[in-house]
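The values are calculated or read from the model by the stated rules, or taken from the named source; none is laboratory data. Here the structure is a predicted model, which is why all the values come from computation and not from measurement. All Cβ positions, even for glycine, are placed from backbone atoms using ideal geometry, and neighbour counts span all protein chains on display.
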Amino acid sequence: MTLTAVLAVLISYALGSLPAAAWLARARGIDIRTVGSGNSGATNMMRAAGKGPAVAVATFDVLKGVLVIWIARWLGLGENVAALCGVAAVIGHNFSPFLQFRGGKGAATTFGVMVSLVPLVGIGTAVIFLTTVWLTRLVSAASILGVITGTLVAVVTGESVWLCLAIAALSALLIYQHRDNIGRLTGGNERRLGEK
(Lines give C-alpha, C1' and ligand atoms only; values in the text may rest on other atoms or scores of the structure.)
Protein backbone atom coordinates (compact mmCIF):
# COMPACT_ATOMS: atom_id res chain seq x y z
CA MET A 1 0.00 0.00 0.00
CA THR A 2 1.35 3.42 -0.95
CA LEU A 3 1.93 6.25 1.50
CA THR A 4 -0.93 8.15 -0.15
CA ALA A 5 -3.26 5.23 0.47
CA VAL A 6 -2.20 4.93 4.11
CA LEU A 7 -2.74 8.66 4.62
CA ALA A 8 -6.17 8.42 2.94
CA VAL A 9 -7.20 5.64 5.34
CA LEU A 10 -5.99 7.63 8.36
CA ILE A 11 -7.77 10.77 7.16
CA SER A 12 -10.92 8.70 6.65
CA TYR A 13 -10.73 7.50 10.24
CA ALA A 14 -10.29 11.10 11.42
CA LEU A 15 -13.25 12.34 9.37
CA GLY A 16 -15.40 9.46 10.53
CA SER A 17 -14.57 10.21 14.15
CA LEU A 18 -16.13 13.69 14.06
CA PRO A 19 -19.07 13.25 16.49
CA ALA A 20 -21.80 15.50 15.11
CA ALA A 21 -24.43 14.27 17.57
CA ALA A 22 -22.25 14.86 20.63
CA TRP A 23 -21.17 18.31 19.49
CA LEU A 24 -24.65 19.45 18.47
CA ALA A 25 -26.13 18.14 21.71
CA ARG A 26 -23.40 19.89 23.71
CA ALA A 27 -24.20 23.16 21.95
CA ARG A 28 -27.74 22.73 23.29
CA GLY A 29 -26.52 22.01 26.82
CA ILE A 30 -27.04 18.25 26.58
CA ASP A 31 -24.54 15.45 27.16
CA ILE A 32 -25.86 12.87 24.71
CA ARG A 33 -23.95 10.11 26.50
CA THR A 34 -26.35 10.51 29.45
CA VAL A 35 -29.57 10.54 27.39
CA GLY A 36 -31.54 7.53 26.17
CA SER A 37 -29.17 4.83 24.96
CA GLY A 38 -26.10 7.03 25.47
CA ASN A 39 -25.31 6.50 21.80
CA SER A 40 -23.85 9.34 19.73
CA GLY A 41 -26.11 8.93 16.71
CA ALA A 42 -29.20 10.28 15.01
CA THR A 43 -31.76 8.05 16.76
CA ASN A 44 -30.57 9.04 20.20
CA MET A 45 -30.30 12.64 19.04
CA MET A 46 -34.03 12.53 18.30
CA ARG A 47 -34.65 11.45 21.88
CA ALA A 48 -32.39 14.20 23.18
CA ALA A 49 -33.33 17.15 20.99
CA GLY A 50 -36.05 16.30 18.47
CA LYS A 51 -36.43 15.65 14.76
CA GLY A 52 -34.58 18.66 13.33
CA PRO A 53 -31.26 18.02 15.07
CA ALA A 54 -31.64 14.27 14.41
CA VAL A 55 -32.02 14.87 10.66
CA ALA A 56 -28.98 17.17 10.73
CA VAL A 57 -26.90 14.52 12.49
CA ALA A 58 -28.05 11.74 10.15
CA THR A 59 -27.21 13.86 7.11
CA PHE A 60 -23.76 14.74 8.46
CA ASP A 61 -23.02 11.11 9.30
CA VAL A 62 -24.09 9.87 5.86
CA LEU A 63 -21.96 12.55 4.21
CA LYS A 64 -18.90 11.40 6.16
CA GLY A 65 -19.22 8.04 4.44
CA VAL A 66 -19.79 9.62 1.04
CA LEU A 67 -16.87 12.03 1.42
CA VAL A 68 -14.19 9.46 2.24
CA ILE A 69 -15.08 7.37 -0.82
CA TRP A 70 -15.04 10.50 -2.99
CA ILE A 71 -11.61 11.50 -1.64
CA ALA A 72 -10.15 8.05 -2.33
CA ARG A 73 -11.46 8.08 -5.89
CA TRP A 74 -10.34 11.68 -6.45
CA LEU A 75 -6.84 10.61 -5.43
CA GLY A 76 -7.04 7.74 -7.93
CA LEU A 77 -6.49 5.09 -5.28
CA GLY A 78 -8.89 2.50 -6.69
CA GLU A 79 -11.92 0.72 -5.31
CA ASN A 80 -10.03 -1.51 -2.89
CA VAL A 81 -8.48 1.44 -1.07
CA ALA A 82 -11.78 3.33 -1.28
CA ALA A 83 -13.45 0.41 0.51
CA LEU A 84 -10.76 0.47 3.20
CA CYS A 85 -11.33 4.20 3.62
CA GLY A 86 -15.02 3.52 4.09
CA VAL A 87 -14.38 0.91 6.76
CA ALA A 88 -11.95 3.30 8.49
CA ALA A 89 -14.58 6.06 8.54
CA VAL A 90 -17.15 3.79 10.18
CA ILE A 91 -14.59 2.61 12.75
CA GLY A 92 -13.82 6.26 13.47
CA HIS A 93 -17.51 6.99 13.95
CA ASN A 94 -18.00 4.05 16.29
CA PHE A 95 -14.77 4.53 18.26
CA SER A 96 -14.12 8.26 18.26
CA PRO A 97 -11.07 9.69 20.08
CA PHE A 98 -13.23 12.75 20.74
CA LEU A 99 -15.51 10.57 22.90
CA GLN A 100 -12.91 8.40 24.68
CA PHE A 101 -13.21 5.87 21.84
CA ARG A 102 -16.95 5.56 22.17
CA GLY A 103 -19.38 6.79 19.55
CA GLY A 104 -22.35 5.80 17.48
CA LYS A 105 -23.44 2.53 15.96
CA GLY A 106 -22.46 3.50 12.46
CA ALA A 107 -25.72 3.00 10.56
CA ALA A 108 -25.79 6.35 8.74
CA THR A 109 -22.07 6.39 7.95
CA THR A 110 -22.24 2.76 6.81
CA PHE A 111 -25.08 3.69 4.46
CA GLY A 112 -23.04 6.60 3.07
CA VAL A 113 -20.13 4.26 2.38
CA MET A 114 -22.30 1.53 0.83
CA VAL A 115 -24.27 3.81 -1.47
CA SER A 116 -21.04 5.45 -2.64
CA LEU A 117 -19.16 2.21 -3.23
CA VAL A 118 -22.02 0.33 -4.91
CA PRO A 119 -25.20 2.40 -5.44
CA LEU A 120 -27.39 -0.68 -5.88
CA VAL A 121 -26.23 -1.99 -2.50
CA GLY A 122 -27.11 1.35 -0.93
CA ILE A 123 -30.53 1.36 -2.57
CA GLY A 124 -31.29 -2.18 -1.38
CA THR A 125 -30.18 -1.26 2.13
CA ALA A 126 -32.31 1.89 2.15
CA VAL A 127 -35.45 0.16 0.86
CA ILE A 128 -35.33 -2.53 3.54
CA PHE A 129 -34.39 -0.02 6.25
CA LEU A 130 -37.22 2.39 5.42
CA THR A 131 -39.79 -0.38 4.98
CA THR A 132 -38.87 -1.95 8.32
CA VAL A 133 -38.98 1.40 10.14
CA TRP A 134 -42.36 2.15 8.56
CA LEU A 135 -43.79 -1.23 9.57
CA THR A 136 -42.25 -1.60 13.03
CA ARG A 137 -40.66 1.72 14.13
CA LEU A 138 -37.69 -0.39 15.25
CA VAL A 139 -34.63 1.45 13.96
CA SER A 140 -32.21 -1.16 15.29
CA ALA A 141 -33.96 -4.02 13.50
CA ALA A 142 -34.21 -1.92 10.35
CA SER A 143 -30.49 -1.16 10.43
CA ILE A 144 -29.55 -4.81 10.89
CA LEU A 145 -31.90 -6.07 8.17
CA GLY A 146 -30.74 -3.27 5.88
CA VAL A 147 -27.04 -4.15 6.02
CA ILE A 148 -27.73 -7.87 5.70
CA THR A 149 -29.70 -7.07 2.55
CA GLY A 150 -26.89 -4.85 1.30
CA THR A 151 -24.37 -7.66 1.73
CA LEU A 152 -26.61 -10.10 -0.14
CA VAL A 153 -27.12 -7.60 -2.97
CA ALA A 154 -23.34 -7.18 -3.30
CA VAL A 155 -22.85 -10.94 -3.58
CA VAL A 156 -25.79 -11.58 -5.93
CA THR A 157 -24.83 -8.77 -8.30
CA GLY A 158 -21.30 -10.12 -8.61
CA GLU A 159 -19.27 -7.37 -6.99
CA SER A 160 -15.57 -8.08 -6.50
CA VAL A 161 -14.52 -10.30 -3.62
CA TRP A 162 -12.79 -7.34 -1.96
CA LEU A 163 -15.90 -5.13 -2.11
CA CYS A 164 -18.09 -7.98 -0.84
CA LEU A 165 -15.68 -8.53 2.06
CA ALA A 166 -15.64 -4.82 2.88
CA ILE A 167 -19.44 -4.60 2.83
CA ALA A 168 -19.70 -7.79 4.91
CA ALA A 169 -17.21 -6.33 7.41
CA LEU A 170 -19.26 -3.14 7.68
CA SER A 171 -22.39 -5.22 8.22
CA ALA A 172 -20.72 -7.37 10.88
CA LEU A 173 -19.48 -4.27 12.70
CA LEU A 174 -22.94 -2.72 12.65
CA ILE A 175 -24.52 -5.90 13.98
CA TYR A 176 -21.88 -6.07 16.73
CA GLN A 177 -22.60 -2.46 17.69
CA HIS A 178 -26.27 -3.41 18.01
CA ARG A 179 -25.64 -6.41 20.29
CA ASP A 180 -27.51 -4.82 23.21
CA ASN A 181 -30.39 -3.93 20.89
CA ILE A 182 -30.53 -7.53 19.70
CA GLY A 183 -30.94 -8.63 23.31
CA ARG A 184 -33.81 -6.19 23.78
CA LEU A 185 -35.38 -7.18 20.46
CA THR A 186 -35.41 -10.84 21.44
CA GLY A 187 -36.77 -9.87 24.86
CA GLY A 188 -39.52 -7.76 23.31
CA ASN A 189 -38.53 -4.54 25.09
CA GLU A 190 -36.63 -2.60 22.43
CA ARG A 191 -37.58 1.09 22.24
CA ARG A 192 -39.47 2.10 19.12
CA LEU A 193 -38.93 5.28 17.15
CA GLY A 194 -40.59 8.15 18.99
CA GLU A 195 -40.35 6.53 22.41
CA LYS A 196 -38.10 8.09 25.04
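Under the condition of being over 19 Å from residue 106 (Cα atoms) and either in contact with a strand residue (DSSP E or B) (Cβ under 8 Å, 6 or more places away or on another chain) or among the polar types (S, T, N, Q) (or both), which residue from segment 144-187 is surrounded by the fewest Cβ atoms within 10 Å (Cβ to Cβ)?
My answer is 186.
What are the residue pairs meeting all of these: first residue in segment 113-126, first residue closer than 22 Å to residue 140 by Cα and at pLDDT below 95, second residue crowded, with 23+ Cβ neighbours inside 10 Å and among the basic types (Lys, Arg), Cβ atoms under 8 Å, and 6 or more apart or on different chains?
none
Hey, does segment 166-184 have a residue that's under 21 Å from residue 38 (Cα atoms), among the hydroxyl-bearing types (Ser, Thr, Tyr) and free of Cβ contacts under 8 Å to residues at least 60 places away in the same chain?
Within segment 166-184, one or more residues are under 21 Å from residue 38 (Cα atoms), among the hydroxyl-bearing types (Ser, Thr, Tyr) and free of Cβ contacts under 8 Å to residues at least 60 places away in the same chain.
Could you please give the count of residues in segment 5-52 that are of a type in the set (Lys, Arg), in contact with a Lys or Arg (Cβ under 8 Å, 6 or more places away or on another chain) and assigned to a loop (DSSP other than H, G, I, E, B)?
Residues of segment 5-52 that are of a type in the set (Lys, Arg), as a first pass: 26, 28, 33, 47, 51.
Now drop any that are not in contact with a Lys or Arg (Cβ under 8 Å, 6 or more places away or on another chain), which leaves 33, 47.
Narrowing the set further to residues that are assigned to a loop (DSSP other than H, G, I, E, B) leaves none.
Here the count works out to 0.
Taking segment 93-125 on its own, how many of its residues are surrounded by 18 or more Cβ atoms within 10 Å (Cβ to Cβ) and not in a helix (DSSP H, G or I)?
Final tally of qualifying residues: 7.
Answer yes or no: is there a residue in segment 53-61 that is assigned to a helix (DSSP H, G or I), surrounded by 23 or more Cβ atoms within 10 Å (Cβ to Cβ), out of contact with any His (no Cβ under 6 Å at 6 or more places or on another chain) and of a type in the set (D, E, K, R). Give the steps one after another, and end with the answer.
Just the residues of segment 53-61 that are assigned to a helix (DSSP H, G or I), to begin with: 53-61.
Still in the running and surrounded by 23 or more Cβ atoms within 10 Å (Cβ to Cβ): 57, 61.
So of that shortlist, the ones also out of contact with any His (no Cβ under 6 Å at 6 or more places or on another chain) come out as 57, 61.
With the extra rule that they be of a type in the set (D, E, K, R), the set shrinks to 61.
Yes: segment 53-61 contains one or more residues that are assigned to a helix (DSSP H, G or I), surrounded by 23 or more Cβ atoms within 10 Å (Cβ to Cβ), out of contact with any His (no Cβ under 6 Å at 6 or more places or on another chain) and of a type in the set (D, E, K, R).
So, in segment 70-92, exactly how many residues are surrounded by fewer than 24 Cβ atoms within 10 Å (Cβ to Cβ) and part of a helix (DSSP H, G or I)? Write out each step before concluding.
So the first thing to find is which residues in segment 70-92 are surrounded by fewer than 24 Cβ atoms within 10 Å (Cβ to Cβ), and the list is 70-71, 73-81, 84, 87-88, 91.
Then drop every residue that is not part of a helix (DSSP H, G or I), which leaves 70-71, 73-74, 78-81, 84, 87-88, 91.
Total satisfying the criteria: 12.
Here is a yes/no grid of residues against (1) under 25 Å from residue 111 (Cβ atoms); (2) modelled with pLDDT under 90; (3) buried (at least 17 other Cβ atoms within 10 Å of the Cβ); (4) within 16 Å of the chain's Cα centre (by Cα):
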position: 1; (1), (2), (3), (4): no, yes, no, no
position: 8; (1), (2), (3), (4): yes, no, yes, no
position: 16; (1), (2), (3), (4): yes, no, yes, yes
position: 33; (1), (2), (3), (4): yes, yes, yes, no
